[in-house]
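Asker: Please find one structure pasted underneath; my questions will follow.
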Amino acid sequence: TLKPSEKERWGNRVEFQEVEVQCMDWENFHALTGNRRFDFITMDAEGVDIDILTQIDLSNVKALCIEWNGNESVKLEIMKYCNEYCMSKVLLINGENIILAQ
C-alpha cells in the first residue's frame, strides 16, 4: 500500500512480507498499453482506490469491481463518481467490494 494506515489496519494479525512494486498513474498506463476500452476493471489498491478511480474515464468501461473495505464514505465517493458515467447498476456489494456495471 501507499498508505501507512492501511498497513497498520492489519496490526499483528496478518503475517506478510514487504515487497517494493513499481506504480504508475492511469495516463502512463494508457501510454504503455494504448488500451482505452475495458469490459471489466478490478481494483484492489489498499486505500488508494479512489485516487486511481478518479483518474479513469469510465465512458468505455462496462463493469467495475472496486474495494471499499466497509468504509461508508469511500462507498459514497465510488457511487457518486460512477454515477457520473452512468455506471449505476449495482451487481454486488459485500464488506470489501462493490461491483457496478453500465
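The values are calculated or read from the model by the stated rules, or taken from the named source; none is laboratory data. All figures in this text were calculated on a predicted structure; none of them were measured in a lab. Ideal geometry is used to build each Cβ from the backbone, glycine not excepted, and the neighbour counts take in all protein chains shown. Heavy atoms of the whole protein, side chains included, go into the accessibility calculation; ligands, DNA and RNA do not. Shrake-Rupley method; radii C 1.70, N 1.55, O 1.52, S 1.80 Å.
Asker: Give me the accessible area per residue for the chain, probe 1.4 Å, as a whole number in Å².
Answerer: That works out to 70 Å² per residue.
Asker: Taking a ≥ b ≥ c as the square roots of the eigenvalues of the Cα gyration tensor of the range 20-76, is the shape rounded (a/c under 1.5), prolate (a/b larger than b/c) or oblate?
Answerer: Values: a/c = 2.22, a/b = 1.33, b/c = 1.66.
Verdict is oblate for the range 20-76.
Asker: Nothing charged except the Cβ atoms of Lys and Arg (+1) and of Asp and Glu (-1): what's the magnitude of the dipole of the range 3-102 about its Cα centre? Round to the nearest 20 debye.
Answerer: So the dipole magnitude of the range 3-102 works out to roughly 420 debye.
Asker: A further question follows. For Met79 and Met24, calculate 0.36 nm times their separation in residues minus their Cα-Cα distance, and state this gained length in nm to one decimal.
Answerer: So the extension gain works out to 17.4 nm.
Asker: Provide the solvent-accessible area of Leu100, counting protein heavy atoms only and rolling a 1.4 Å probe, rounded to the nearest 10 Å².
Answerer: We get 0 Å² for Leu100.
Asker: Check each of the GluC sites (Glu not before Pro) in the range 1-71 and keep only those in coil by DSSP with at most 11 other C-beta atoms within 10 angstrom; list them in order.
Answerer: Those satisfying the criteria are Glu15, Glu18, Glu20.
Asker: Rounded to the nearest 10 Å², what accessible area does Leu2 show when all protein chains are kept and the probe is 1.4 Å?
Answerer: 120 Å²
Asker: What 222 nm value per residue comes from the helices of the chain, counting each DSSP H run with n ≥ 4 as -39,500 (n - 2.57) and dividing by all residues, nearest 500 deg cm²/dmol?
Answerer: -8000 deg cm²/dmol
Asker: I've got another one for you. Of Trp68, Trp10, which has the most accessible area and how do the rest follow, probe 1.4 Å?
Answerer: Putting Trp68, Trp10 in descending order of accessible area: Trp10, Trp68.
Asker: Label points 7 Å out from Cα along the Cβ direction at Arg36 and Thr54: separation in nm?
Answerer: 2.3 nm
Asker: A further question follows. How far is helix 72-83 tilted off the main Cα axis of the chain, in degrees rounded to 10, range 0 to 90?
Answerer: Relative to the chain, helix 72-83 is tipped by roughly 20 degrees.
Asker: Here's something else I'd like to know. Let me cross-check Cys86: its accessible surface, 1.4 Å probe, with only protein heavy atoms counted, in Å² to the nearest 10?
Answerer: Surface open to solvent at Cys86 totals about 100 Å².
Asker: For the chain, count all C-alpha to C-alpha pairs, find those more than 18 Å apart, and express that count as a whole percent of the total.
Answerer: 51 percent
Asker: With label points built 7 Å along Cα→Cβ from the Cα atoms of Cys86 and Lys7, find their separation and express it in nm.
Answerer: 4.3 nm
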